[in-house]
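Here the structure comes first, spelled out in structure tokens, and everything after it is commentary.
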Amino acid sequence: MTKQNNFSNPLANKIALVTGASSGIGRASAIELAQRGAKVVVTARRAAELEQLVQELRGQGLEAIAVTADVTKEEDMVRAVDAAVAAYGRLDIAFNNAGAEGIFGPLVEQDNHSYDLVFEPNVRGVFNAMKYEAKVMLAQGSGTIINNASMGGVVGFQNGALYIATKHAVVGMTKTASLEWFRQGVRVNALCPGIIDTPMQHRGVWPSDEALHEFARATPAGRVASAEEMAKIVAFLASDDSSYISGHALVADGGYTAA
């Protein structure tokens, strides 16, 4: 049984939407938000993984529903937000986590196809989600949106121009939206993770696990972070503990950008 007091469950009765929830930071965040009392609506393209997550949460006595959706399709995000409101009557928290790994290589070797493969999910996807989440939150006069960017949203990396550009765009949209919506009760922040142990990191960013861990050892933290560590930051930004924070790009990179 889950505890019912608000101290143990700081997000009690909040309604949260998480995109890209089928794995990695999205999955960990959906679990963390639910364990802190939120009712979660999880979305991703992979229906089987979503259903497994929902069953896992329900098995813990937590409340969750799944909506299969692709963030690059505007109508899918309309449907996901509508599903949250239809099920629970409101939307209090949105974590826009869905995105694609980078296509790395010299800028002069990139083409328009590569550009579209990265920009569609990473920028258009966040735009599609934010727009419809915010419409609900602005109408109710409250809400908080967290966009998953990257430490690549605040610094550059050689041979990563397209991916880095998308994450700078996410940070830029976050800052601009926060200026438009804060006085109307809606906060918007970005999480900027460093090297995290997720399927995406292993699949698309690093040529080998050893390369990933070698890079991580060079950071001040000296290690790779877990998705669960990022999820706790998402929960903080979703809670009233961060009520005076908006327009912020919170870098959680083990000290890499400081070094």
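What follows draws every value from the coordinates through simple rules; no lab data is involved. The model shown is predicted, which means the values in this text are computed figures rather than measured ones. Glycine gets a Cβ as well: all are built from the backbone with ideal geometry, and neighbour counts include every protein chain shown.
Observations
- Among the chymotrypsin sites (Phe, Trp or Tyr not before Pro) in the stretch 1-103, those located in a DSSP loop and surrounded by at most 14 other Cβ atoms within 10 Å of their own Cβ are Phe7.
- Listed residue pairs exceeding 22 Å between alpha carbons, taken from Lys131/Lys175; Lys14/Lys175; Lys14/Lys135; Lys14/Lys167; Lys39/Lys232: Lys14/Lys175; Lys14/Lys167
- Under 5 Å from the amide H of Ala249 lie the amide H atoms of Ala190, each residue being 5 or more positions distant or on a separate chain, with H modelled from the backbone and absent for Pro and chain starts.
- The separation of the stretch 240-259 from the stretch 117-161, counted between C-alpha centres, amounts to 15 Å.
- Dipole magnitude (debye, nearest 20) for the chain, charges at Cβ of Lys, Arg, Asp, Glu: 740 debye
- Residue-normalised convex hull volume from the C-alpha trace of the chain: 125 Å³ per residue.
- For Ile103, the residues whose amide H sits under 5 Å from its own are Tyr163, ignoring neighbours fewer than 5 places away on the same chain, with H placed 1.01 Å from N.
- Short-range pairs are left out: with C-alpha atoms under 8 Å and at least six residues apart, the relative contact order of the stretch 150-259 is 35 percent.
- Using θ = phi - 60° in the Karplus curve 6.51 cos²θ - 1.76 cosθ + 1.60, the 3J(HN,Hα) couplings for the stretch 72-83 round to 6, 9, 4, 5, 5, 6, 4, 5, 5, 5, 4, 5 Hz; x is entered for Gly and Pro.
- Along the axis of the charge dipole computed for the stretch 70-121 (Cβ charges of +1 for Lys and Arg, -1 for Asp and Glu, origin at the Cα centre), the listed residues Ser114, Ala100, Val85 are led at the positive end by Val85.
- Values of log10 I(q)/I(0), in the order q = 0.26 Å⁻¹, for the stretch 80-132 under a Debye, Cα-only, solvent-free model: -1.00
- Assigned charges on the beta-carbon of Lys, Arg, Asp, Glu; the stretch 1-111 dipole about Cα centre (debye): 640 debye
- Sites matching chymotrypsin sites (Phe, Trp or Tyr not before Pro) across the stretch 147-200 that sit in DSSP coil, with at most 15 neighbouring C-beta atoms within 10 Å: Phe157
- Put the Cα centre of the stretch 1-71 next to the Cα centre of the stretch 89-114 and the gap is 22 Å.
- Dipole of the chain [Lys/Arg +1, Asp/Glu -1 at C-beta], most positive-end residue of Ala139, Thr174, Ala259: Ala139
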